[in-house]
Amino acid sequence: MPRVNRIPADKPQLPQQRVRPVQARSRKKIDAILDATADLLQRYGIDAVTTLAIAEKAGVPPATVYHYFENRLAIFAALARRIIDAVDTNLMPILAEKLAAPVPEIRAILQGLFDAYAQSPGYVPVLTAMRAEPALQELVRESNQRSADFLASVLLRRTRLSPERAARVAWIISESCEIVLEQALISDAQEANALLDEQSTMVEVLFLHYAQS
C-alpha cells in the first residue's frame, strides 16, 4: 500500500538511549528511571524535573542514568515512546472494531485515545517537551503513520478511492486527530469534550463523503 511520507529528509535527530537492555536487571533499571520520570512530571511539571531528581526518585546513582540516556531529553523521548507504543498496541483492536461498524464509531475511538493518554502518568506534561522539541515530534509522526496505514486499509475496503488517495486521506485524518487530541489533553474537561465532538463530526462526514463518491 502506498505511504504518504511527510517527514523531511533533514529531520532533527531523535535523542538516543545509550544502551539497549538485554538482561532483566538492565530493563528493571530503565523501567525505574522512566517510572520516576513519569511520577515527577505528573507531580511537578517538566521544568522542575532534572536528571539528578530522576536518579534520586529512581533510587539509582546519576551515573546510572547517564549510562542509559545521553540527557534529560532522551529520557523524555523514551517515556513518550513507551506510552505511545502501549496505547497503540492496546487500542488497535478497538480501532479495528469501531471502524468496522456500519457507521464508523469515530467518537468512541477518539474518547478511547484521549482517556488512554490522559491516564498515562507523565504524558500530558511531556507534551510540552514534544511540542517544543522538533526531534520529539518524530515519535508522534511514527504513531500517526501507523494509524494512517490502518485507516487507509479501511478506506480501501469501504470506498472506491485509489490506493494513493486512500493513503493521502488517511494521513490527513490521522494528523488532524492528533492535533485535536493534543489540544484536548491540555484543555479543561468542557473544552476537551467539545473538541472531540467537533473532530468526530468532521471525520464521520469525511467517511460518509468518500463512501458515497
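The values are calculated or read from the model by the stated rules, or taken from the named source; none is laboratory data. Worth saying up front: this structure is predicted, and the values here are computed from it rather than measured. No Cβ is skipped: glycine too gets one built from the backbone with ideal geometry, and neighbour counts run over all protein chains shown.
Could you list, ordered by first residue, the pairs with Cβ atoms under 7 Å in which the first is in the stretch 115-132 and at positive phi and the second is of a type in the set (G, A, S) and not in a loop (DSSP other than H, G, I, E, B), at least 6 apart or interchain?
G122/A38
Within the stretch 160-179, track down each residue that is surrounded by fewer than 20 Cβ atoms within 10 Å (Cβ to Cβ) and either touching a Lys or Arg at 6+ places or on another chain (Cβ under 8 Å) or assigned to a helix (DSSP H, G or I) (or both). Reasoning before the result, please.
Here is the first cut: in the stretch 160-179, the residues surrounded by fewer than 20 Cβ atoms within 10 Å (Cβ to Cβ) are 160-165, 168, 172, 175-176, 178-179.
Result: P163, E164, R165, R168, I172, E175, S176, E178, I179.
Mind telling me which of the residues S147, S176, S187 ends up being among the hydroxyl-bearing types (S, T, Y), within 30 Å of L34 (Cα to Cα) and modelled with pLDDT under 90? Quick ask: steps written out before the conclusion?
Working: S176 fails: modelled with pLDDT under 90; S187 fails: modelled with pLDDT under 90.
Residue meeting the stated conditions: S147.
So L185 ticks every box in (1) free of Cβ contacts under 8 Å to residues at least 40 places away in the same chain; (2) surrounded by fewer than 18 Cβ atoms within 10 Å (Cβ to Cβ); (3) within 21 Å of E105 (Cβ to Cβ); (4) touching a Leu at 6+ places or on another chain (Cβ under 9 Å) but one. Which box is left unticked?
(1)
Run down I46, I75, I83 and say which single residue is within 30 Å of E204 (Cα to Cα) and either in contact (Cβ under 8 Å) with a residue 12 or more places away in the chain or of a type outside the set (V, I, T) (or both). Please lay out each step first, then the result.
Numbers: I46 fails: within 30 Å of E204 (Cα to Cα); I75 fails: within 30 Å of E204 (Cα to Cα).
Sole residue among the options that is within 30 Å of E204 (Cα to Cα) and either in contact (Cβ under 8 Å) with a residue 12 or more places away in the chain or of a type outside the set (V, I, T) (or both): I83.
Where residues in the stretch 54-83 are outside any helix (DSSP H, G or I) and in contact with a helix residue (DSSP H, G or I) (Cβ under 9 Å, 6 or more places away or on another chain), which of them is farthest from V124 (Cα to Cα)? Step through it out loud before you land on a result.
Going residue by residue through the stretch 54-83, those that are outside any helix (DSSP H, G or I) are 59-61, 69-71.
After this cut, where a residue has to be in contact with a helix residue (DSSP H, G or I) (Cβ under 9 Å, 6 or more places away or on another chain) as well, the list is 59-61, 69, 71.
Values: G59: 24, V60: 25, P61: 27, F69: 21, N71: 20 Å.
Among those that are outside any helix (DSSP H, G or I) and in contact with a helix residue (DSSP H, G or I) (Cβ under 9 Å, 6 or more places away or on another chain), it is P61.
Can you pull out the residues in the stretch 48-81 that are of a type in the set (D, E, K, R), out of contact with any Asp or Glu (no Cβ under 9 Å at 6 or more places or on another chain) and crowded, with 17+ Cβ neighbours inside 10 Å? Full working, then the answer.
Our first condition is that a residue be of a type in the set (D, E, K, R); within the stretch 48-81, this holds for 56-57, 70, 72, 81.
Retained after the next criterion (residues that are out of contact with any Asp or Glu (no Cβ under 9 Å at 6 or more places or on another chain)): 56, 70, 72.
Across the stretch 48-81, the qualifying residue is only R72.
What's the number of the only condition in (1) more than 18 Å from Y123 (Cα to Cα); (2) at pLDDT below 85; (3) not hydroxyl-bearing (S, T, Y) that D88 fails to meet?
(1)
Tell me yes or no: at least one residue of the stretch 204-211 is hydrophobic (A, V, I, L, M, F, W, C) and either within 17 Å of N144 (Cα to Cα) or touching a Phe, Trp or Tyr at 6+ places or on another chain (Cβ under 9 Å) (or both). So that I can check it myself, show each step before the final result.
Looking only at the stretch 204-211, we keep the residues that are hydrophobic (A, V, I, L, M, F, W, C), and these are 205-208, 211.
Restricting the remaining residues to those that are either within 17 Å of N144 (Cα to Cα) or touching a Phe, Trp or Tyr at 6+ places or on another chain (Cβ under 9 Å) (or both) gives none.
Looking through the stretch 204-211, none of the residues is hydrophobic (A, V, I, L, M, F, W, C) and either within 17 Å of N144 (Cα to Cα) or touching a Phe, Trp or Tyr at 6+ places or on another chain (Cβ under 9 Å) (or both).
Does L95 qualify as being buried (at least 17 other Cβ atoms within 10 Å of the Cβ), in contact (Cβ under 8 Å) with a residue 24 or more places away in the chain, over 22 Å from A38 (Cβ atoms) and within 15 Å of the chain's Cα centre (by Cα)? Steps first, please.
On the way: buried (at least 17 other Cβ atoms within 10 Å of the Cβ): yes; in contact (Cβ under 8 Å) with a residue 24 or more places away in the chain: yes; over 22 Å from A38 (Cβ atoms): yes; within 15 Å of the chain's Cα centre (by Cα): yes.
Yes.
For residues that are in contact (Cβ under 8 Å) with a residue 40 or more places away in the chain and either surrounded by 19 or more Cβ atoms within 10 Å (Cβ to Cβ) or small (G, A, S) (or both), tally how many sit in the stretch 141-156.
The total comes to 8.
Could you say which residue among A135, A36 is out of contact with any Ser or Thr (no Cβ under 6 Å at 6 or more places or on another chain), in the same structural domain as N193 (by TED's automatic domain parsing) and not hydroxyl-bearing (S, T, Y)? Give the steps one after another, and end with the answer.
Numbers: A36 fails: in the same structural domain as N193 (by TED's automatic domain parsing).
After applying the criteria, what remains is A135.
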